[in-house]
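The values are calculated or read from the model by the stated rules, or taken from the named source; none is laboratory data. What you see is a predicted model, and the numbers here were worked out from it, not measured in a lab. No Cβ is skipped: glycine too gets one built from the backbone with ideal geometry, and neighbour counts run over all protein chains shown.
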Amino acid sequence: MPALDIVRIPVLSDNYVWLVHDSASGATMVVDPAVADPVLAVAATRGWTITDIWNTHWHPDHTGGNAAIKEATGCTITGPAAEFARIPTLDVQVQGGDTVRLGNHVASVWDVPAHTAGHIAYHFADDAAIFVGDTMFAMGCGRLFEGTAEQMFANMQKLGALDDATRVYCAHEYTLSNARFAVTVDPDNDALVARLAAVEAARAAGEATVPTTIGVERATNPFLRAPSAAELGRIRALKDAA
Ligand code: ZN
Ligand code: FE
């Protein structure tokens, strides 16, 4: 089976929309379109027709392009059943344990509540890729708007159990801010200190820093490395106040 083509589309101030194409079937999916026009433009440039949108959670910077992309393409919109009331454009409601397909590529749906109460992630196990929305970021995790530190800790444990090589497609370029915070809570972590320097150089050069991988996050992400929900909650509160 050919690998998925995964294209990063930077939109708004710091969002990443992911365009995912299966060359065997021609199926093309968008994860969390904040807006429509740049996504439609990139798809057109590649000669791809968008067949699906997959949403991770209801926030407008993840769903704002749903209606216009559907209007332009007739695509099918899949998203969290628990947030149906807040994503009126959904066609297909899914929850943890369900599977969704892009051609012959199969993704399992994970429930990862905390950033929002119904937040989900999409894991392509055979492709070693997971689309996490606003649950995990490079050296960070999502804010706890509708859930608890206990829930986010459980999410981090589950993500941290994936293979090191698994690519993590998060929805924002928050890496530099996260790295600068992370070194304040884990100052003796040599891998983290080195990553901060690399990220500073990459951002100064205008380069994106995601996707990341589970292995890199396991070495450097203080939220993934937190030994308890209490510790995760403590550093999340510090970051919120930073
Ligand atoms: Zn969000
Ligand atoms: Fe977001």
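For segment 112-145: of the residues being surrounded by fewer than 24 Cβ atoms within 10 Å (Cβ to Cβ) and under 15 Å from Ala161 (Cβ atoms), which is nearest to ligand 1 (Cβ to nearest atom)?
Out of the qualifying residues, it is His123.
Take segment 153-200 and flag every residue that is within 18 Å of Ala237 (Cβ to Cβ) and either modelled with pLDDT under 95 or acidic (Asp, Glu) (or both).
Asp186
Is it true that some residue in segment 49-61 is crowded, with 21+ Cβ neighbours inside 10 Å and more than 27 Å from Gly142 (Cα to Cα)?
So far as segment 49-61 goes, yes, one or more of its residues are crowded, with 21+ Cβ neighbours inside 10 Å and more than 27 Å from Gly142 (Cα to Cα).
Hey, does segment 153-169 have a residue that's away from ligand 1 (no atom under 16 Å from the Cβ), of a type outside the set (A, V, I, L, M, F, W, C) and in contact with a Pro (Cβ under 6 Å, 6 or more places away or on another chain)?
Within segment 153-169, one or more residues are away from ligand 1 (no atom under 16 Å from the Cβ), of a type outside the set (A, V, I, L, M, F, W, C) and in contact with a Pro (Cβ under 6 Å, 6 or more places away or on another chain).
Taking into account only those residues within segment 18-35 that are hydrophobic (A, V, I, L, M, F, W, C) and within 17 Å of Ala107 (Cβ to Cβ), which is farthest from ligand 2 (Cβ to nearest atom)?
Here the answer is Ala24.
Any chance you could count how many residues in segment 148-166 are free of Cβ contacts under 8 Å to residues at least 60 places away in the same chain, in contact with a helix residue (DSSP H, G or I) (Cβ under 9 Å, 6 or more places away or on another chain) and within 24 Å of Pro33 (Cα to Cα)?
Of the residues in segment 148-166, 1 are free of Cβ contacts under 8 Å to residues at least 60 places away in the same chain, in contact with a helix residue (DSSP H, G or I) (Cβ under 9 Å, 6 or more places away or on another chain) and within 24 Å of Pro33 (Cα to Cα).
Can you tell me which residue is surrounded by the most Cβ atoms within 10 Å (Cβ to Cβ) among those in segment 75-109 that are touching a helix residue (DSSP H, G or I) at 6+ places or on another chain (Cβ under 7 Å) and not aliphatic (A, V, I, L, M)?
His105
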